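Working notes, structure below.
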Amino acid sequence: MTRNEILNDIQTRFEDDISRVFERSPKRVYVDISAGAVTRVAQYVFKELKARFNIASALDSRDHMEILYHFTFEEVDLIVSFRVKLDKGNLEIDSL
């Protein structure tokens, strides 16, 4: 698959769970997803699209926590980071 096919596939398959796609550069894309979709999205990207899971990182902002799940599509030199924003009053999410 090409870079655009990968991104289009993810956006089409999970359109109800995606709130924003931000293309920072040709090699780096951020996708904001709902917390309830984390395991479904990660499983699909890992098993079906054959992306490699790199690492999860987090950012503590003033009103919420962000958890970012970074996946690499090596064949097209692309990193896609799925970002989930959690309200500080409810910092629970399913584990990958």
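Bear in mind these aren't lab numbers, they're just calculated from the coordinates by the rules spelled out. The shown structure was predicted, so the numbers you read here are calculated from the model rather than taken from an experiment. As a convention, Cβ positions derive from the backbone with ideal geometry for all residues, glycine included, and neighbour counts pool all protein chains shown.
For the chain, leaving out every one of the trypsin sites (Lys or Arg not before Pro) that falls in a DSSP loop and has at most 14 other Cβ atoms within 10 Å, the longest unbroken run is 1-26.
Here r is the Cβ-Cβ distance between Leu91 and Thr2 and R0 is 30 Å; the resulting FRET efficiency, rounded to 0.05, is 0.20. Taking only the C-alpha atoms of segment 40-96, the Rg (one decimal) and the largest Cα-Cα distance, Dmax (whole number), read 12.7, 40 Å. Separation of segment 20-34 from segment 55-93 is 11 Å, based on Cα centroids. Once the Cα atoms are used to define both axes, helix 3-13 deviates from the longest principal axis of the chain by about 50 degrees.
About the centre of its Cα atoms, the chain shows a dipole size close to 220 debye [charges on the beta carbon of Lys, Arg (+1) and Asp, Glu (-1) only; nearest 20 debye]. With the simple spin-label model, which puts each label point 7 Å out from Cα in the Cβ direction, the Arg52 to Glu75 separation comes to 1.5 nm. Grab the Cα-Cα distance for Glu66 and Gln11, subtract it from 0.36 nm times how many residues apart they are, and report the gain in nm with one decimal. Full extension from Glu66 to Gln11 adds 17.8 nm. Pair-distance distribution of the chain: all C-alpha pairs, bin width 10 Å, starting at 0; shares per bin in whole percent are 16, 53, 26, 4, 0.
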